[in-house]
Amino acid sequence: MAEGEAAEALRRLVGQLQELCDLYGSPPFFSQDQFHRIDPSSLDLKPDPNPKPYFLNSNSKEKDESESESQSSSPHKRPRTKTPDSISQPQSQTQELESQDLDSRIWTHLLEDLFHPILARLPIPSIFRFQSVCSQWRSIVKSEAFNDEFLRVPKSHTWLYTVTHEDSANGSVYDPVSKKWHHPKIPFLNEDINGSKMGLPVASAGGLICFLDLGKMDFYVSNPLTKNYKKLPNVALPFWSRVSVGMVGFEKGYKIICLCCDGKYEVYDSIENKWIGNSVPAGIELPLDLNFRSRVISIGKTLYFMRGQPDGILTYNFVTGIWKQYTIPLPVHLKDSTLAELRGRILLVGLLSKNCANCVGVWELQRMTLLWKEVDRMPSESCLELYGKKRLQMNCVGSEKGLVFLSLRSEKLNCLVCYDAEEREWVKVPECGNGLVGKKGRWVLCGTGFEPSPCALP
């Protein structure tokens, strides 16, 4: 290429950059490292058959007039650069610029180091669609680098896993962001030929769900999205006494606790793969009147159980192994209640019933006085739907990071409600495609909220 033609091509390139600067109001961002990685051979530096001057700063009237004259005399007219303040960019020219920005050559030179940060910030359904394209993309999602990046990105979304009283072997997963239901098959439940397994989701942590098989009294831990699962060793607890189960994730592994009403409990450590039994200290009042309608919540490495007689909260710290109990009177006219957590704050969500009036209220625990203070209540139009409903029951089927999923059921009512404590919004969950909610004969038996993760391993 001749020296004059190269100089002219460079002037054209600078002119195009100037057009982009005028269009978007600021110069494009190029780091020095990225600039040196540009392959000069990939640039289309063809000489212009009709070279013409181009001014970087055409502010004076003299330059504008000379430029307009050169454009009128040239058979290939070039539109004069106009700022957004003077006139808006034509739609056809904007689309042309966008098509240049989305040139395939840009994406073919995308560094592999950028794959993991981009993928880790995609919605969970998009990640699974990405890995289903080919084996190479699947290996990216399965890589340790993606796992580390995914764990570094803060997560704010919670999904719900539920089962019905008629079909506990086939659960359903609800995504409150897209408001869609998914129906993953849990392998250890569907592999049972006799259909005797009754897997109930009892706890969750870090994208994993702990299932209790009531048929054989076995515990399983599974990732419902990847379908990986693990059967835990047998636990030596009398299951004729109901148990309350809690789960906490650690940097490596997780721990599960099973607490009986007589004060006996066992802790499972996934690293050691064994249960360790013990009893609550003598200072804890027995028997434990555990509220099985309430969820066991976790703040840090501490679990919070709701108990009665006396009403209050029982806590257990996985790190120190210390038990504590707090006597906290419940609000009046409270029928059914559950604990919830939001950014370290302890919440109480309960069904208020007086005569024919029913309503769901929210209270926050005041740590200084150890009293419940009402902070929110279901909207009046929703409370009117509950008015006069006989034998109305509220059951918490999932609670995680300020999202509380409530099952409201009576003779003429069967619905799921999602309460967002952060936004103070009450949303009715849409009916599931397989009739999970909304049908008189089918109702949610139990469930748990969990953080969806393609990386969590049981």
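Would it be correct to say that Asp336 is acidic (Asp, Glu) and either exposed (fewer than 14 other Cβ atoms within 10 Å of the Cβ) or under 26 Å from Lys264 (Cβ atoms) (or both)?
Values: acidic (Asp, Glu): yes; either exposed (fewer than 14 other Cβ atoms within 10 Å of the Cβ) or under 26 Å from Lys264 (Cβ atoms) (or both): no.
In short, no.
Being open to solvent by 50 Å² or more (accessible area, probe 1.4 Å), hydroxyl-bearing (Ser, Thr, Tyr) and modelled with pLDDT under 90 is true for just one of Ser410, Ser380, Ser353, Ser399. Which residue is that? Full working, then the answer.
Working: Ser410 fails: open to solvent by 50 Å² or more (accessible area, probe 1.4 Å); Ser353 fails: open to solvent by 50 Å² or more (accessible area, probe 1.4 Å); Ser399 fails: open to solvent by 50 Å² or more (accessible area, probe 1.4 Å).
Of the residues listed, the single one that is open to solvent by 50 Å² or more (accessible area, probe 1.4 Å), hydroxyl-bearing (Ser, Thr, Tyr) and modelled with pLDDT under 90 is Ser380.
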Exercise for the section: Please find, within the range 245-264, the residue that is surrounded by the fewest Cβ atoms within 10 Å (Cβ to Cβ) out of those that are under 15 Å from Leu314 (Cβ atoms) and touching a residue at least 40 places away in the same chain (Cβ under 8 Å). Expected result: Val245
Practice task
Determine, yes or no, whether Gly388 is modelled with pLDDT under 90 and open to solvent by 50 Å² or more (accessible area, probe 1.4 Å).
Solution key: no
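Is one or more of the residues making up the range 286-303 free of Cβ contacts under 8 Å to residues at least 60 places away in the same chain, within 18 Å of Tyr220 (Cα to Cα) and outside any strand (DSSP E or B)?
Of all residues in the range 286-303, those free of Cβ contacts under 8 Å to residues at least 60 places away in the same chain come to 286-292, 299-303.
Restricting the remaining residues to those that are within 18 Å of Tyr220 (Cα to Cα) gives none.
Within the range 286-303, none of the residues are free of Cβ contacts under 8 Å to residues at least 60 places away in the same chain, within 18 Å of Tyr220 (Cα to Cα) and outside any strand (DSSP E or B).
What residue, among those in the range 158-184 that are in a loop (DSSP other than H, G, I, E, B) and at pLDDT 80 or above, is nearest to Leu342 (Cα to Cα)?
Step one: of the range 158-184, the residues in a loop (DSSP other than H, G, I, E, B) are 158, 165-171, 176-179, 183-184.
Now drop any that are not at pLDDT 80 or above, which leaves 158, 171, 176-179, 183-184.
Numbers: Thr158: 12, Gly171: 26, Pro176: 17, Val177: 18, Ser178: 22, Lys179: 21, His183: 28, Pro184: 28 Å.
Going through the qualifying residues, I end up with Thr158.
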Problem - Count of the range 268-310 residues which are touching a Leu at 6+ places or on another chain (Cβ under 9 Å) and open to solvent by less than 60 Å² (accessible area, probe 1.4 Å) - result: 19
Exercise for the section: List every residue pair whose Cβ atoms lie under 6 Å apart, where the two residues are 6 or more positions apart in sequence or sit on different chains, the first residue falls within the range 161-178 and is of a type in the set (Asp, Glu), and the second residue, located anywhere, is modelled with pLDDT under 85. Expected result: Glu166/Arg442
Handout entry: Entirely in the range 203-281, the strands (runs of 3 or more DSSP E) that have 1 or more residues that are of a type in the set (Val, Ile, Thr)
Key = 208-213, 218-223, 243-249, 254-260, 264-269, 274-279
Exercise for the section: Please identify the pairs in which a residue from the range 350-372 that is farther than 14 Å from Leu334 by Cα has its Cβ atom under 7 Å from the Cβ atom of a residue that is surrounded by fewer than 18 Cβ atoms within 10 Å (Cβ to Cβ) and at pLDDT 90 or above, counting only partners at least 6 apart or on another chain. Expected result: Glu364/Arg345; Glu364/Lys373; Glu364/Val375; Gln366/Lys373; Leu370/Tyr326
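The values are calculated or read from the model by the stated rules, or taken from the named source; none is laboratory data. Computed from a predicted model, the values in this text were never measured in an experiment. A quick note on method: Cβ atoms are made from the backbone with ideal geometry, for glycine too, and the neighbour counts reach across all protein chains shown. Surface areas here come from the heavy atoms of the whole protein model, side chains and all, with no ligands, DNA or RNA. Shrake-Rupley method; radii C 1.70, N 1.55, O 1.52, S 1.80 Å.
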